[in-house]
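A short worksheet on the structure shown next.
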Amino acid sequence: FISSIIIREKTRLYSQLEKADNDLRSTYNSLSETKYYLQMILDNSKALIVTTDTEGKIVEFNREAEALLEYKKENVVGKDVLMLYENPEQRRDMISQSMSKDGEIWTARQREVILKSKSGKLFYISLTLSTLVDDRGGVVGTVGIGKDISEQKMLQFKLIQSEKLAGIGTLASGIA
């Protein structure tokens with residue numbers, strides 16, 4: 001009689017364990033699919049996306065950032081994000097100007113910064129930098145999303161130069 005009770009209890013516990021294992025596998029598969037989907041979003045975005053931890057070490061570096069800045073993700077993860085800036089003070093100034101007095105959560109929108117590629121080439125970037133907050137409201141780092149505006153800056157410079165030349169031409173014809 002006692003052995004039949006033990007066998008039934010063992011069978012019941014085994015079926016509960018099997019159900020829990022199936023639930024755990026399902027949850028794991030769902031998390032894996034979500035992680036893969038989010039990684040696809042990061043990698044296929046045509047915006048430069050770089051995230052850091054609270055110490056300023058790079059955590060995520062998407063494909064657009066790899067292509068533009070000529071660094072491989074595996075070579076920059078864990079390194080200080082300031083290595084990407086031509087002038088590291090730009091980042092510090094952007095953060096200090098954006099921080100509010102009452103909290104740690106801040107955003108710097110559409111700020112122009114100059115980033116430096118591995119080969120030393122400079123890129124003008126329109127950057128939105130903000131705190132990365134977890135589900136409990138705690139700050140876990142920063143997320144920077146940028147767009148290369150180097151071509152627009154070059155065209156703007158050429159336009160200013162041509163306007164200067166036109167002004168000199170007008171002045172010269174007035175003198176003549």
Fill in the blank from the handout: Taking max minus min of the Cα coordinates of the stretch 19-72 on each principal axis, largest first, gives extents in Å of 48, 27, 15
Problem - Solvent-accessible area per residue for the stretch 17-68 (1.4 angstrom probe, square angstrom) - result: 71 Å²
Handout entry: Rounded to the nearest 10 Å², the accessible area of Leu165 at probe 1.4 Å
Key = 120 Å²
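Using just the helices of the chain, give the 222 nm mean residue ellipticity in deg cm²/dmol: DSSP H runs with n ≥ 4 each add -39,500 (n - 2.57), and the total is spread over all residues, rounded to 500.
Rounded to the nearest 500, the figure is -17500 deg cm²/dmol.
How large is the charge dipole for the chain, taken about the Cα centre, if only the Cβ atoms of Lys, Arg (+1) and Asp, Glu (-1) carry charge, to the nearest 20 debye?
Roughly 200 debye, rounded to the nearest 20.
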Problem - Percent of Cα pairs exceeding the 15 Å cut-off, where the set is the stretch 46-114 - result: 58 percent
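Give me Rg/Rg_expected for the chain, where Rg uses Cα atoms only and Rg_expected = 2.2 N^0.38 Å with N residues. Please report the intermediate quantities before stating the final value.
Details: Rg = 27.1 Å, N = 176, 2.2 N^0.38 = 15.7 Å.
Against the empirical 2.2 N^0.38 Å value, I get 1.72 for the chain.
Ignoring ligands, DNA and RNA, how do Ile6, Ile145 rank by accessible area with a 1.4 Å probe, largest first?
On the way: Ile6 105, Ile145 80 Å².
Ranked list, largest accessible area first: Ile6, Ile145.
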Exercise for the section: Treat every Asp and Glu Cβ in the stretch 107-176 as -1 and every Lys and Arg Cβ as +1, leave all other atoms uncharged, and give the resulting dipole magnitude about the Cα centre to the nearest 20 debye. Expected result: 200 debye
Completion exercise
Burial-style ranking of 54-66, 127-139, 35-47, 75-87, average other-beta-carbon count within 10 Å with highest first, yields 54-66, 75-87, 127-139, 35-47
Handout entry: Cross-link reach list, lysines versus Lys72, counting only Cα pairs under 24 Å and skipping chain neighbours closer than eight places
Key = Lys35, Lys46, Lys57, Lys116, Lys118, Lys121, Lys147
Handout entry: Partners for Lys164 among lysines (Cα-Cα distance below 27 Å; same-chain residues under 8 apart left out)
Key = Lys153
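With all protein chains present, how much of the accessible area of the chain (probe radius 1.4 Å) comes from carbon and sulfur, to the nearest whole percent? Could the numbers behind the result be given before it?
Working: 7240 of 12550 Å².
The computed percentage sits at 58.
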Handout entry: Reachable aspartates and glutamates from Lys10, criterion Cα separation under 18 angstrom, eight or more residues apart if same chain
Key = Glu18, Asp21
Problem - Dipole-positive endmost among Gln16, Asn29, Leu68 within the stretch 4-68 (Cβ charges, Cα centre) - result: Gln16
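The values are calculated or read from the model by the stated rules, or taken from the named source; none is laboratory data. Nothing here was measured: the structure is a model prediction, and the numbers come from that model. In this analysis, Cβ positions are derived from the backbone assuming ideal geometry, glycine residues included, and neighbour counts consider all displayed protein chains. Quick note on the areas: whole protein, heavy atoms, side chains included, nothing else; ligands and nucleic acids left out. Shrake-Rupley method; radii C 1.70, N 1.55, O 1.52, S 1.80 Å.
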